[in-house]
């Protein structure tokens, strides 16, 4: 920082002192900020490159910068190293504010007088209030003005000029003057805003303490023992799994009905206590894993009824609760919390532990991500190589649009987005956004501490982890002896490509033929019936067009083609399967009604070609397990059919098309 000789800067929360200069910079102080215009500004008359000053109030002091806010709402951060060369202290700010307020009041007053003068000369001015005299803008008054004109054409031109140019320009100037006046009148509140900043930080600290206290004291009271069992040895360490799991994905419970929900929690507890399931999800003698009921909202029919909609909302909220499942030997506990841990319950600290210099990404005035300088340099090289390939492709394909180039996209950072070098800057004290970067680091530390508080509460205030030695999670050595953080979320490695369900379905469906047992046709039929029912309700004059729309619909007297059934007729050229069945007639004494539906092979799964256990390739990979609603209703129906759990509806399709 360029300062007078023999000076030293000491910073505190709301001020920094320049020792030797006998001055103290405080929140609420006013400074003239030296700036350079970045563009031509017609409003102020500045040209790009012009030097100017603007008045700003110090509203925040960081560890290496001061944030100044202008009366118009703009803001700038000034690094302490450039403090004296960028800022000039205003010792009498109130005089400046009063002068500006007076200036813009006078400007507005003169503009109003000029507007009145123009309208008065043209005979179109309006009175300030109602009077009993003739209105100045009335037809009679207009005749008086017109009679005084030497040339009516001149008067007409004056009216047109006033309407199209003079008055709009004056009104625009008056609008700008009022905006400036409002800004300068509100400027006196900026020091008050600055004074509130430390109080907000104090309140945030208190909130954090209360939150931690609630975590420590509250979770033990919600612990439920799912099953009894011999506890783990006292010296067994608690393995905390990083990745949040989802109950419906792990057990595929109620897959045929869109997945499980909060009401099925007891059923899931019993499933979890089976040794083969417990050992897969809670693999260590002492393990903690966070779970939610489901990842996505479940489709629930409400028929547009307000009460049903309210119940649906409550059910969806219950599905979002987080449950901590804790294994202690053979015993399993469930702890309910409304706390949202996110997809991972503790962050990955590896990037901070390497000791490498970091780069931080700044977006919209905040820091959003970190990478190492080594990664940054590699991305810059990749970006430059891609740019060169993109330019070469454009030269080789002059008639093609640039968006068709396979090299037009920049390098991509998973979880961050496309790489642009200008968005990144070194994470060090030279940046005025260093504090924002540290805030992001501290937020990660707070996430670690949150987990530590939960664990400490379980050790101290519940029998969930008994027996165990004394654990002090705030002491690194004690934490390491008692707890292991398992990075199964950010450090997970997968073997090969993600399984492709549609490719697998196409392989099975390659052998489709008449008589093949399939699944998928029932859903297609119900979707078509929903379209018919929605159209019928739209035509019903008694109900009008209701807002609620069916996604799936099954008529009360129609069993449909069946969930798992044989293809009655196969049309190979169109790759379409036809299914036939009968339904009861809605007229008493009439014969049964024959029905049919044609379904594309793309909507079916060939159960006959499916081999038991094929679903495991999708269930075993977490990437496709999360998408189980896409494949589970088909693959598990096929699995159940081969196991004899689900019977097919072949009897519905035993008849050929004969009508």
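Quick notes on this structure:
- Scope the range 634-659; condition in contact with a strand residue (DSSP E or B) (Cβ under 7 Å, 6 or more places away or on another chain), within 18 Å of residue 559 (Cβ to Cβ) and modelled with pLDDT under 80; matching residues: 646, 648, 649, 650, 652, 653, 655
- Within the range 77-90, being surrounded by 17 or more Cβ atoms within 10 Å (Cβ to Cβ) and assigned to a strand (DSSP E or B) holds for 77, 78, 79, 87.
- Highlighted here are the helices (runs of 4 or more DSSP H) found entirely within the range 91-162 that include at least 2 residues which are at pLDDT 80 or above and surrounded by fewer than 15 Cβ atoms within 10 Å (Cβ to Cβ): 93-122, 152-161.
- Counted residues, the range 359-386 - those being in contact with a strand residue (DSSP E or B) (Cβ under 7 Å, 6 or more places away or on another chain), surrounded by fewer than 16 Cβ atoms within 10 Å (Cβ to Cβ) and farther than 18 Å from residue 430 by Cβ: 1
- Long-range neighbours under 7 Å by Cβ, at least six apart or interchain, first residue more than 26 Å from residue 240 (Cβ to Cβ) within the range 345-363, second at pLDDT below 80: none
- The range 609-627 residues that are surrounded by fewer than 18 Cβ atoms within 10 Å (Cβ to Cβ), paired with ones that are at pLDDT below 80 and outside any helix (DSSP H, G or I) (beta carbon under 7 Å, 6 or more apart): 621/494; 623/494; 626/295
- For the range 380-438, a tally of residues being in contact (Cβ under 8 Å) with a residue 40 or more places away in the chain and either touching a helix residue (DSSP H, G or I) at 6+ places or on another chain (Cβ under 8 Å) or more than 30 Å from residue 343 (Cα to Cα) (or both) returns 12.
- Filter pass, residue 509 being closer than 30 Å to residue 622 by Cβ and surrounded by 12 or more Cβ atoms within 10 Å (Cβ to Cβ): yes
- Residue in the range 400-415 that is in the same structural domain as residue 230 (by TED's automatic domain parsing) and within 26 Å of residue 362 (Cα to Cα) present: no
The values are calculated or read from the model by the stated rules, or taken from the named source; none is laboratory data. What you are looking at is a predicted structure, and each value in this text was computed from that prediction instead of being measured. As a convention, Cβ positions derive from the backbone with ideal geometry for all residues, glycine included, and neighbour counts pool all protein chains shown.
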